[in-house]
Amino acid sequence: MHIDLPQPQLTLTKDEEEKEYWDLLKYDSHKWVEFAQGYYECEFCKMTHTNIMPMNGKPICGNNPHLK
């Protein structure tokens, strides 16, 4: 018999939701191409990123042709 245990629910404040929204938007504005395991470079602006780095402080990609 398998019993599913309840999962804790993560509740974000309005400020945390907004920060998460903008961080995701910034991340998705880049076109990440993996050049080594866990290391990525934006095809548009050449900014680098790793799979463990937060997006804190990174800008929206100014070279993304879809955003011009």
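When you go through H49, H30 one by one, which is the residue that is surrounded by 11 or more Cβ atoms within 10 Å (Cβ to Cβ) and modelled with pLDDT under 95?
Details: H30 fails: modelled with pLDDT under 95.
Checking each option against the conditions leaves just H49.
If D23 meets every condition in (1) loosely packed, with under 10 Cβ neighbours inside 10 Å; (2) touching a residue at least 12 places away in the same chain (Cβ under 8 Å) apart from one, which number is that one?
(1)
I'm trying to understand the selection: among the residues of the stretch 31-66, which are closer than 25 Å to E16 by Cβ and among the aliphatic types (A, V, I, L, M)?
M47, I52, M53, M55, I60
If G57 meets every condition in (1) loosely packed, with under 10 Cβ neighbours inside 10 Å; (2) of a type in the set (G, A, S); (3) at pLDDT 90 or above apart from one, which number is that one?
Unmet for G57, out of (1) loosely packed, with under 10 Cβ neighbours inside 10 Å; (2) of a type in the set (G, A, S); (3) at pLDDT 90 or above: (3).
The values are calculated or read from the model by the stated rules, or taken from the named source; none is laboratory data. The model shown is predicted, which means the values in this text are computed figures rather than measured ones. Note: ideal-geometry Cβ built from the backbone for every residue, glycine included; neighbour counts use all protein chains shown.
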